[in-house]
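Engineer: Just passing along the structure, written as structure tokens.
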Amino acid sequence: MIGLISATAAGRTGAERLAAAWPGRTRRYEGPVRETLPAAFAECDQLVVFLATGAAVRLLAPLLAGKGVDPGVVTVDETHRHAVALLGGHGGGANALAEEVSAVLGAAAVITTATDSVGVGALDLLPYPVEGAVAAVTRAMVDGSAVALHADATWPLPPLPACGAPTTGPTPPPAGPAAADTHPHPSDTGTAPPDAAESGGTPTPHEPRPDAGPADAHTQPADAGTAPPDSAVPLPPDAAGSGGTADPDEARPATARTGATEAGASPAEAGAHARTRPADASTAPPSSSDSLPPDAAGSGGTPAPDGPRPATARTGATEPAAGPADAGAHAHNRPASAGTAPPDSAVPYPPDAASVGGTATPDEVPDGYVVWVTDRVVGGGGEGDGEPRRIVFVRPPSLVVGVGASRGVGRDEVLALVAEGLDAGGLAPASLTALATVDAKADEAGIVAAAAHLGVPLLTYPATALAEVAVPNPSPAPLAAVGTPSVAEAAALLAAGPGAELAVQKRKSAMATVAVARRRPRGRLAVVGLGPGARDLVTPRAVTELRRASVVVGLDQYVDQIRDLLRPGTRVLESGLGAEEERARTAVAQARAGHAVALIGSGDAGVYAMASPALAEAADDIDVIGVPGVTAALAAAALLGAPLGHDHVSISLSDLHTPWDVIERRVRAAAESDLVVTFYNPRSRGRDWQLPKALSILAEHRAPSTPVGVVRAASRPDEHVQLTTLATLDPATVDMVTVVTVGNTATRDVSGRMVTPRGYRWQTSDRGAAQ
């Protein structure tokens, strides 16, 4: 609840406006501020105080108890010019509240927290539990000191807070000669860019965490349960790769070219080779001790335009496959101290430690400031040796504890055994996401109370489901009692989901058993439509997905359009025309490896684009998110007027993927149905007869004067718009970056605009009612 406190008529007016804008979220406090402020401070989660900041400080000072419990407070001046985040900027949400207040009142949000001021993502805003030297590491990030990112296996970081607004102006042209022509001429061979039909404004040749358990689980929420965070989204794994001093080429997005011959490339091979220099030790694990660039983990303020950018590597179809040691190697890598970490893992831990847990040894702990994504208890790091601790541990939602018990077990016994099991595995309690057991124990008071105490849900499963889970320690006792040879181990594995492993096998007390399972990191695939080409037609959601991705897969020329939006360290796997299925396979493979992947296409990715082949490859082992974009048809229609005001259809005239006889049947059906038709891929130099043929079919059912809109390169600098007719259209003026829209029998030219009436004025039904 947001408390609204005012002392003057102007303040009351502002409070009324906020209350009207936020129905159900606010509570008004009337009366003297000296009396109402303490009450609101005790009763509300956040406060908006219409009072001078100095006066608010004096009144609030005696009420402060600590940043973990105090509400966020925003003060607003008498003229509503400033909304000041005064107290609890991050923990209390005052920074976000100040932005909301400013949006309603037209005020300027005043935010003074150091991380926000320098454009650094705040560690205490991460939705995963964070432990350790948060203040010290945050201070290092603000100061611009190197901060290393480490991650066990491929556990990714959750979505990071935005650090600086992305560019909203025109897309910067790519560097080098390619900048001269971002719109290649139509193909001589008629090879329509397979992604040209990706519904971008101009079809150019540029091309939750899972639920705690399976669906059959029965969930009993804890009294203070922790809601599953959004799907894990990595901080760019190579974000560690640019330590703030690399030259621009070393710090661009790690780009790998993939070709049709690379179908078998492993995730480790995908990021290999070269615009980066090889690491000093070729066996160093990828990103093994790299320093975070300024806005990757938010270390070091806002980089200069020529400063660190996501590191770039390219591979060609003819290049040898990269080995794991090559993948993602950077100039700032150091050799691992033990073992070879999985791809994109930044922690040089022994392989068995990653798979079975265990407390990390002091030798594993690197020097300097570190953000470490791990569910393991890590020793060392300066604690106890006279040096300040310099590690922040981000705890992924990775652990599930299975519990079996005799009737009447007490809560404290269950809690003690859970703690013992986690300690035995060297595992962090903060990564615990659920307790799991058999349905027969769903009402066992001791287990239910233990889950509530831990703040996690209790998941229960039928004995028949648990009996099907292979476990290392089956027993006849639970089989006789509840109908399954295993409760603790089987429930832990089933709740942890596909690919889970036992981190701690069954352990017993007098009346209980527990086992700990570790989830397999679940990847995330966002299929992102970039729109027709203009930067201001890229949706905010698309920008968000691009900036949260650790891997971006796309046609090389589409990548050039959005490269500046990517976080430093983002790996870019780009390829040329004709590799659409390979791109889809690559994107899905990267997601299955645990990464947050953005698969990009122009326009809307679900229209003549990459969503279809990607979803055909994907299964339910990854999260898939579709991000809609502005299509070529919509961009062209907006320029023409309102040609799509009634029923319409889009048809691609490229016969590379669809036989011409099928295309012709569809054109005839559209003609006979009197639909407005938008033609994609209408004509190239090697495929010049399909458009005239399609127009002749439409002409059998429409007058020669039917309006036809021809839009080339919609929303791009060389955009061209022509309104003509079915009789006068010259197909020679059309190419592969053109969209042709043919009106229906009701479409009109109204003051130079193409308009297809919906029927409100111009058409009536047989009954005389408006359509």
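Engineer: List the strands (runs of 3 or more DSSP E) that sit entirely inside segment 385-498 and contain at least 2 residues that are touching a strand residue (DSSP E or B) at 6+ places or on another chain (Cβ under 8 Å) and of a type outside the set (A, V, I, L, M, F, W, C).
Structural biologist: Numbers: elements: 391-394, 399-405, 432-438, 458-461.
Hits in segment 385-498: 399-405, 432-438, 458-461.
Engineer: Within segment 563-584, which residues are out of contact with any Pro (no Cβ under 8 Å at 6 or more places or on another chain) and surrounded by fewer than 24 Cβ atoms within 10 Å (Cβ to Cβ)?
Structural biologist: Gly576, Glu582
Engineer: Could we say that Ser654 is within 28 Å of Glu581 (Cβ to Cβ) and part of a strand (DSSP E or B) here?
Structural biologist: Judged against the criteria, Ser654 is not a match.
Engineer: Would you mind finding the one in Ile651, Ile622 that is outside the structural domain of Pro704 (by TED's automatic domain parsing) and either crowded, with 18+ Cβ neighbours inside 10 Å or more than 30 Å from Thr544 (Cα to Cα) (or both)?
Structural biologist: Ile622
Engineer: From Ala637, Ala619, Ala669, which residue is more than 26 Å from Val755 (Cβ to Cβ) and either outside any loop (DSSP other than H, G, I, E, B) or at pLDDT below 95 (or both)?
Structural biologist: Ala619
Engineer: Any residue at all in segment 546-560 that's more than 29 Å from Thr738 (Cα to Cα), in a helix (DSSP H, G or I) and not aromatic (Phe, Trp, Tyr)?
Structural biologist: So the first thing to find is which residues in segment 546-560 are more than 29 Å from Thr738 (Cα to Cα), and the list is 547-551.
With the extra rule that they be in a helix (DSSP H, G or I), the set shrinks to 547-548.
Among the residues that remain, those that are also not aromatic (Phe, Trp, Tyr) are: 547-548.
Within segment 546-560, one or more residues are more than 29 Å from Thr738 (Cα to Cα), in a helix (DSSP H, G or I) and not aromatic (Phe, Trp, Tyr).
Engineer: Further question: Could you please find all residues in segment 574-616 being within 17 Å of the chain's Cα centre (by Cα) and assigned to a strand (DSSP E or B)?
Structural biologist: Ala596, Val597, Ala598, Leu599, Ile600, Gly601
Engineer: Are any residues in segment 97-120 at pLDDT below 85 and in contact with a helix residue (DSSP H, G or I) (Cβ under 7 Å, 6 or more places away or on another chain), and if so, which ones?
Structural biologist: Within segment 97-120, Thr113, Ala114, Thr115, Asp116, Val118, Val120 meet the criteria.
Engineer: Can you say whether Asp556 is under 19 Å from Thr154 (Cβ atoms) and surrounded by fewer than 21 Cβ atoms within 10 Å (Cβ to Cβ), as far as the supplied structure shows?
Structural biologist: No.
Engineer: Here's another thing I want to ask about it. What about Pro568, is it in a loop (DSSP other than H, G, I, E, B), touching a helix residue (DSSP H, G or I) at 6+ places or on another chain (Cβ under 6 Å) and outside the structural domain of Leu435 (by TED's automatic domain parsing)?
Structural biologist: Spelling it out, Pro568 is indeed in a loop (DSSP other than H, G, I, E, B), touching a helix residue (DSSP H, G or I) at 6+ places or on another chain (Cβ under 6 Å) and outside the structural domain of Leu435 (by TED's automatic domain parsing).
The values are calculated or read from the model by the stated rules, or taken from the named source; none is laboratory data. All figures in this text were calculated on a predicted structure; none of them were measured in a lab. Virtual Cβ from ideal backbone geometry, glycine too; neighbours counted across all protein chains shown.
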